[in-house]
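The values are calculated or read from the model by the stated rules, or taken from the named source; none is laboratory data. Worth saying up front: this structure is predicted, and the values here are computed from it rather than measured. A quick note on method: Cβ atoms are made from the backbone with ideal geometry, for glycine too, and the neighbour counts reach across all protein chains shown. Ligands, DNA and RNA are excluded from the accessible area calculation, which covers all protein heavy atoms including side chains. Shrake-Rupley method; radii C 1.70, N 1.55, O 1.52, S 1.80 Å.
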Amino acid sequence: MTRFVFITGGVVSSLGKGIASAALAALLQARGYRVRLRKLDPYLNVDPGTMSPFQHGEVFVTDDGAETDLDLGHYERFTGVHATRSDNATTGRIYSEVIARERRGDYLGATVQVIPHITDAIKNAVLHDTDDLDFALIEIGGTVGDIESLPFLEAIRQLRNDLGLERTMFLHLTLVPWIPAAGELKTKPTQHSVKELQNVGIQPQMLLCRSDRPLPENERRKIANFCNVRPQAVISALDVDTIYACPISYHEEGMDNEVLRHFGLPHEGEPDLSAWSRVLDAMRNPEGEVRIAVVGKYTSLLDSYKSLNEALIHGGIANRVRVKLDWVDSQIFEDGDGAVIERLEGVHGILVPGGFGERGSEGKIEAVRFAREHKIPFFGICFGMQMAVIECARNLAGIRDASSTEFGPTDQPVVGLMTEWAKGNELLRRREGGDLGGTMRLGAYDATLVTGSRVAEVYGTTEIRERHRHRYEVNIHYRETLEETGLLFSGLSPDGILPEIVEYPDHPWFIGVQYHPELMSKPFAPHPLFSGFIAASVRQARLV
Ligand code: GLN
């Protein structure tokens, strides 16, 4: 029987609802239950694929090629369960579905309304494909009180009636702020936030209260009393040094116990949290530190590189070192050589991440050149790999005008738009100037690695599958010319047409990949490329 835990947030946004949901899922999983997490987003975009990284942070791509909210990245990192397209629904998606059905005449002449038609579509999105689970955790984006989230709250209110108390639970995340002038933690915002929920007919059974210091027993009782929950179900969510401390911290506060109690499930005994203890031990007791420069464009908004940031931390866990990230705006390298040397001198590794558009690209090319010439470990991801190839074409192969068609027409399209490619037995096509939404090469694709190459050694296999999100590709027609300079095309699509990986065998560690390995990395199973890159940086720092 699948039980549903609905997670809402109140008082302010950015309290870490996604991480709280993921941590609860990890705790239930550690007790042997099968879990799945879903996110309902109240905005009108059909998916976050077309939203600016400044607005929305990273777009997380699933195996089946959906562009989703970055919280799905947390879900995967905490549970190891791969998300699918159906695990993220937005208002835009729900409305397009309902309007498409209305046009088809599916509603048989009925007046189509928010209740019941939109709410029914939301309920379907929640219930769809959950039969083989013990728990489905459904996070509602936004903050209670927003106009946008009302249909979602109404839908989950109805689900409570449809499924019954034994199969549903409402968990509300709030803030208990410390007021320095009063010298007190204040519970009033929490009380108001719960009232907002009660106004729409939802009574939470558990409150997760974020605060920067322990919640005194008195305040806990007060919250319980005013908000109509058991005192044991007022869980204090203290600020922690790393997000990976949340499962153990919530467990110590009795969260999983209380959830199981609510559902009438056995809650004696302890969950197996040994994997989380190992992760924390490696993070809290590092044997050294490496400094990695991440040369990108959206460096002022770290949320746009969420998975990358986490994957680098995982690489540190694998090598028991602290990874200190130095976010560098590539544009500073565009006014001459001095800036590059000054900024990158002494770093132990250089990473050029994914990106879009011409702005900042010349600076990224300069960073690649510096890493190649100074033999500093280099990792290029997606756009970073494309810039590495352009750098090679210009500075080693003498193709002065080498460029990407992403930046406009060019005589030397070393990176160019692919209009056709194979996915399994299917041929996928796109048009130049077509829609921007959902038209990239998206999701998991197979690649074959060259035997004996560094990547084959890193992965320990020659057959891999990784997630993609890009429109442009390195042009295979340049392969021979570029390989003559010493750049090896060490991974290709199974049909041999799309370059997936390039490397310099005579460099200590220089790998560029067309896909996004950061999306697959987990704290308890760091991605081999990130472990390998950090290991090379450790050697560069002469820590071994
Ligand atoms: N802008 C490049 C492309 O579309 C790279 C995309 C990326 O780095 N994700 O191919």
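Mind checking the dipole of the chain: about its Cα centre, +1 per Lys or Arg Cβ, -1 per Asp or Glu Cβ, Debye to the nearest 20?
Value, rounded to 20: 1200 debye.
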Task: Alpha-carbon gyration tensor eigenvalues x 5, square-rooted, for the range 188-333, Å - done: 37, 22, 13
TODO: Counting only C-alpha contacts under 8 Å and six or more residues apart, can you give the relative contact order of the chain as a whole percent?
DONE: 15 percent
Task: Calculated diffusion of the chain, Stokes-Einstein form, Kirkwood radius summed over Cα pairs, 25 °C and 0.890 mPa s, µm²/s - done: 98 µm²/s
Task: Pair Thr481, Glu270: separation of 7 Å Cα→Cβ label points (nm) - done: 6.3 nm
Open item on the list: From the helices alone, meaning DSSP H stretches of at least four residues, give me the mean residue ellipticity at 222 nm for the chain, per-run term -39500 (n - 2.57), in deg cm²/dmol to the nearest 500.
Closed with: -10000 deg cm²/dmol
Task: Distant-in-sequence amide H partners of Lys522 (H built 1.01 Å from N, under 5 Å) - done: His527
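What length, rounded to one decimal in nm, is gained on full extension from Glu334 through to Ser96, with 0.36 nm per residue of separation minus their alpha-carbon distance? Don't skip to the answer; put the middle values down first.
On the way: separation 238, 0.36 × 238 = 85.68 nm, distance 4.40 nm.
Extra length from Glu334 to Ser96 when fully extended: 81.3 nm.
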Open item on the list: Using the Karplus curve 6.51 cos²θ - 1.76 cosθ + 1.60 with θ = phi - 60°, what ³J(HN,Hα) values do you get for each residue of the range 371-383, in whole Hz, with x for Gly and Pro?
Closed with: 5, 5, 5, 8, 6, 9, x, 10, 10, x, 10, 6, 4
- [ ] Any chance you could run the full-extension gain for Trp327 through Arg542? It's 0.36 nm times the residue separation minus the Cα-Cα distance, nm to one decimal.
- [x] 75.2 nm
- [ ] Report the FRET efficiency, 1/(1 + (r/R0)^6), for Ile115 and Arg291, where r is their Cβ-Cβ distance and R0 is 51 Å, rounded to 0.05.
- [x] 0.40
TODO: Work out the charge dipole of the chain with +1 on the Cβ of Lys and Arg and -1 on the Cβ of Asp and Glu about the Cα centre, then indicate which of Leu108, Gly512, Val474 is farthest towards its positive end.
DONE: Leu108
Task: Paramagnetic reach from His128 in the range 44-60 [backbone N under 13 Å; point 7 Å along Cα→Cβ] - done: 47
TODO: Please work out how much length the chain gains when fully extended from Lys186 to Ala224, using 0.36 nm per residue of separation minus the C-alpha to C-alpha distance, in nm with one decimal.
DONE: 12.3 nm
Open item on the list: Given a 1.4 angstrom probe, what's the average accessible area per residue across the chain, in square angstrom?
Closed with: 41 Å²
Open item on the list: Can you give the FRET efficiency to the nearest 0.05 for Glu217 and Arg103, using r as the Cβ-Cβ distance and R₀ = 41 Å?
Closed with: 0.10
Task: Per-residue ³J(HN,Hα) for the range 260-275, Karplus 6.51 cos²θ - 1.76 cosθ + 1.60, θ = phi - 60°, Hz, x for Gly and Pro - done: 5, 4, 4, 8, x, 9, x, 10, 6, x, 10, x, 8, 9, 4, 4
Task: Interchain or long-range residues, amide H under 5 Å from Val414's placed H - done: Ser403
- [ ] In whole Hz, with x marking every Gly and Pro, tabulate ³J(HN,Hα) for the range 243-248 from phi via Karplus 6.51 cos²θ - 1.76 cosθ + 1.60, θ = phi - 60°.
- [x] 4, 6, 7, 4, x, 5
TODO: Quick one: of Lys324/Lys522; Lys17/Lys297; Lys17/Lys364; Lys123/Lys186; Lys39/Lys195; Lys297/Lys324, which pairs are farther than 25 Å apart, Cα to Cα?
DONE: Lys17/Lys297; Lys17/Lys364; Lys123/Lys186
Open item on the list: Going by amide H atoms built from the backbone, whose H comes under 5 Å of the H on Gly9, apart from near neighbours?
Closed with: Val144, Leu173
Task: Apportionment of accessible area to carbon and sulfur, the chain, percent (1.4 Å) - done: 48 percent
Task: Average Cα contact separation per residue, the range 204-286, under 8 Å, 6 or more apart, as relative contact order % - done: 25 percent
Task: DSSP-defined antiparallel bridges as percent of all bridges, the chain, nearest 5 - done: 35 percent
